[in-house]
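Only one structure is covered here, and it is reproduced in the block below.
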């Protein structure tokens, strides 16, 4: 059986190569409630990770998987790097929930991949845009079980601006986010 | 089954000889899930997202870049041997002196005004790609005393499903620096040769460019047992 090509780190030198103008503005063919997903990425010492590539892929506001693009860019996909404070920001629409092949319900969520120097493989996960009590039946929430760990994947709404969802990501140690594999 | 195969070839997150992994590798085990319907699909890059000229890194400047010109060909397949069609490949690399045009690259080597080191293309209907470039140089890094990265070309692939997303590096055959590179050595032995291109003279250009071949294999989007 053939073996998959091994992963390697994205390294520190990708900004000119992989980043796009307005890569953090996620496009969709239709309308939806515009929201911002923003936060910071930290390492195991609590230091901000200033050189991560942060990617998002999500359903549209009706829970439909995007296909095609607006001409120049694919729908539903965002790509930014963290800044010197470890901060990222994605301007997108609120994704709808969607069904899996066995009828299971996926809560409103965004699939995230993080690449960086010091990460030999991508870190993949899903961030939830709904509170704990509304995601209990989600397949990943059920697989995690422990509410404390699950909370690491829940973006919280900014009380002053409900269009802003905040999600900090700790790669290692206290408060370490849950990461997934397929 | 899939688990064993993956463990065979992919590096661990924590590989202490590569120092940056010590503070960035997750300590908790990953949670295994089936790809969501979203992750079983992926972003669709329209045909005109890339320009044909972007597969030739040697025509970016006013004249030819310095270095050993090379043609790199290969195919991208999934685990079932099916071609990954019309899928975005992005490549980037140092110039022939081992220098990136990047503000945080402090290696005291010259930039080449005729080389940016960035390319992209979509695979064809057979999963094939072809890139024209120059062989990148090795460069020193501060991971450990006398550390040098072997010459490498970075690859970013999307596959046909977001669950197949891969970023990797391609290396050159016979490079003595491979033995001292913790990034390359982080890959279990069974996977290392999969990151090394083969000389493929016939795909070069006679008298002009050396040919290399680098095939890549991505996990199938449904290679995970059903369940969660």
Scan B:119, B:98 and give me the residue that is within 15 Å of residue B:60 (Cα to Cα) and under 18 Å from the mean Cα position of the chain (by Cα).
B:119
Would a scan of the range A:43-59 turn up a residue that is surrounded by fewer than 21 Cβ atoms within 10 Å (Cβ to Cβ), in contact (Cβ under 8 Å) with a residue 40 or more places away in the chain, more than 22 Å from residue B:28 (Cβ to Cβ) and under 15 Å from the mean Cα position of the chain (by Cα)?
no
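So for the range B:168-186 (the condition being in a loop (DSSP other than H, G, I, E, B), in contact (Cβ under 8 Å) with a residue 60 or more places away in the chain, surrounded by 15 or more Cβ atoms within 10 Å (Cβ to Cβ) and within 14 Å of the chain's Cα centre (by Cα)), does at least one residue qualify?
No, that holds for no residue.
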Among the residues of the range B:137-167, what is the count of those that are touching a residue at least 60 places away in the same chain (Cβ under 8 Å), within 21 Å of residue B:96 (Cα to Cα) and within 14 Å of the chain's Cα centre (by Cα)?
4
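Per-residue answers, yes or no, for (1) farther than 21 Å from residue B:40 by Cα; (2) out of contact with any strand residue (DSSP E or B) (no Cβ under 7 Å at 6 or more places or on another chain):
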| site | (1), (2) |
| --- | --- |
| A:25 | yes, no |
| A:46 | yes, yes |
| A:57 | no, no |
| A:106 | no, no |
| A:109 | no, no |
How about the range A:103-125: which of its residues are more than 7 Å from chain B (Cβ to nearest Cβ), more than 26 Å from residue B:23 (Cβ to Cβ) and in contact with a helix residue (DSSP H, G or I) (Cβ under 9 Å, 6 or more places away or on another chain)?
A:104, A:105, A:107, A:108, A:109
Which one of these does residue A:23 not meet: (1) assigned to a loop (DSSP other than H, G, I, E, B); (2) surrounded by fewer than 17 Cβ atoms within 10 Å (Cβ to Cβ)?
(2)
Evaluation of residue A:65 against (1) closer than 30 Å to residue B:94 by Cβ; (2) facing another protein chain (nearest Cβ under 7 Å); (3) in a loop (DSSP other than H, G, I, E, B) (one fails), failing number
(1)
Which ones in the range A:87-111 are more than 17 Å from residue A:61 (Cα to Cα) and surrounded by 20 or more Cβ atoms within 10 Å (Cβ to Cβ)?
A:88
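Residue-wise test of (1) part of a loop (DSSP other than H, G, I, E, B); (2) within 14 Å of chain B (Cβ to nearest Cβ); (3) closer than 23 Å to residue B:28 by Cα.
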residue: A:127; (1), (2), (3): no, yes, yes
residue: A:133; (1), (2), (3): no, no, no
residue: A:140; (1), (2), (3): no, yes, yes
residue: A:143; (1), (2), (3): no, yes, yes
residue: A:150; (1), (2), (3): no, yes, yes
residue: A:159; (1), (2), (3): yes, no, no
residue: A:162; (1), (2), (3): yes, no, no
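Residues are listed down the side, and each one gets a yes or a no for (1) over 27 Å from residue A:157 (Cα atoms); (2) more than 10 Å from every other protein chain (Cβ to nearest Cβ):
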position: A:8; (1), (2): yes, no
position: A:14; (1), (2): yes, no
position: A:17; (1), (2): yes, no
position: A:23; (1), (2): no, yes
position: A:30; (1), (2): no, yes
position: A:33; (1), (2): no, yes
position: A:37; (1), (2): no, yes
position: A:41; (1), (2): no, no
position: A:44; (1), (2): no, no
For the range B:59-69, does any single residue satisfy the condition of being within 19 Å of residue B:125 (Cβ to Cβ), surrounded by fewer than 20 Cβ atoms within 10 Å (Cβ to Cβ) and under 20 Å from the mean Cα position of the chain (by Cα)?
no
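Read-outs: derived from the displayed coordinates by stated rules, not from any lab. Fair warning: this is a prediction, and the values are worked out from it, not measured in the lab. Every residue, glycine among them, receives a Cβ derived from its backbone with ideal geometry; neighbour counts consider all protein chains shown.
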